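A quick write-up on the structure given underneath.
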Amino acid sequence: MIVTLDGPAGAGKSSAARALAERLGWCHLDTGAMYRTVALVALERGVPLDDAPRLAALTERIAIEFRDGRVLADGRDVSAEIRTERVTQATRFVADAPPVREAMKRIQRRLARDVDVVTEGRDQGTEVFPHAEVKVFLTASPEERARRRHREEADRGTASNLESVRRALVARDEGDRSRPVGAMRPAADAVVLDTDGLSRDEVVDRLAALVTARRPECRVP
Ligand code: DC
């Protein structure tokens, strides 16, 4: 079974997807981390960020694995490096390249073959898994998302300014929404869940209820 979680940065997708997958004992596919990993390796190897065919070839060659909550690229743990500002900036170019998105679609479908998975990103319910049994689009107001991101950064020991975090999020939303291929939007059959004012556990409860409604045997204690 496939559950897709799409939505803008800071809506709480990652923590909700991770917690839901854990509760159900399913795989968690963080597709943002996959785009970030390609961006990191492209920067390291000097692949120009406007060379879409080379970026796509690189995407096909890197073995990306998720293991114990870590992201591995060709066996190397890149979990921390892919979250740096430099990589976040570069990822936009990678995610905008249609041949990279085609390659990612193939890879993501392969990773989800024959397993139960909670997959998160921007285009999972629309482009990659249009036949997913449960599709959710998580949203939250820009203010709430900025507050959460700001708090996460503080927890990581990175100083940031709330207003500049908000502005950066809104700019990223615009880029994600206006991408010609794989643009962020709710699938026609997605449940839109506004997470403003909801705790992470409340979000996960609602997601788990959607899964249970589709598949009663997935009920978890
Ligand atoms: O969710 P995130 O912040 O880790 O995503 C990193 C970037 O990748 C972000 O700019 C959106 C993009 N992305 C995408 O275009 N499609 C996906 N399925 C996942 C992420």
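Points worth noting:
- Any hit, the stretch 145-162, residues being of a type in the set (Val, Ile, Thr), in contact with a Leu (Cβ under 8 Å, 6 or more places away or on another chain) and more than 10 Å from the ligand (Cβ to nearest atom): no
- Members of the stretch 81-117 found to be open to solvent by less than 60 Å² (accessible area, probe 1.4 Å), part of a helix (DSSP H, G or I) and acidic (Asp, Glu), listed by number: 96
- Residue ranges of helices (runs of 4 or more DSSP H) in the stretch 1-76 with at least 1 members within 15 Å of the ligand (Cβ to nearest atom), over 19 Å from the mean Cα position of the chain (by Cα) and at pLDDT 95 or above: 31-45, 52-61
- Scanning the stretch 118-135 for residues that are open to solvent by less than 30 Å² (accessible area, probe 1.4 Å) and within 14 Å of the ligand (Cβ to nearest atom) gives 118, 119, 120, 121, 123, 124, 125, 126, 128, 129, 132, 135.
- Scanning the stretch 14-33 for residues that are open to solvent by 10 Å² or more (accessible area, probe 1.4 Å), farther than 22 Å from residue 115 by Cβ and touching a residue at least 12 places away in the same chain (Cβ under 8 Å) turns up nothing.
The values are calculated or read from the model by the stated rules, or taken from the named source; none is laboratory data. Bear in mind that the values here come from a model prediction, so they are computed numbers and not experimental data. Cβ coordinates were reconstructed from backbone atoms using ideal geometry, including for glycine residues, and neighbour counts include every protein chain displayed. When the accessible area is computed, the model is the full protein with side chains, heavy atoms only, and any ligands, DNA or RNA have been set aside. Shrake-Rupley method; radii C 1.70, N 1.55, O 1.52, S 1.80 Å.
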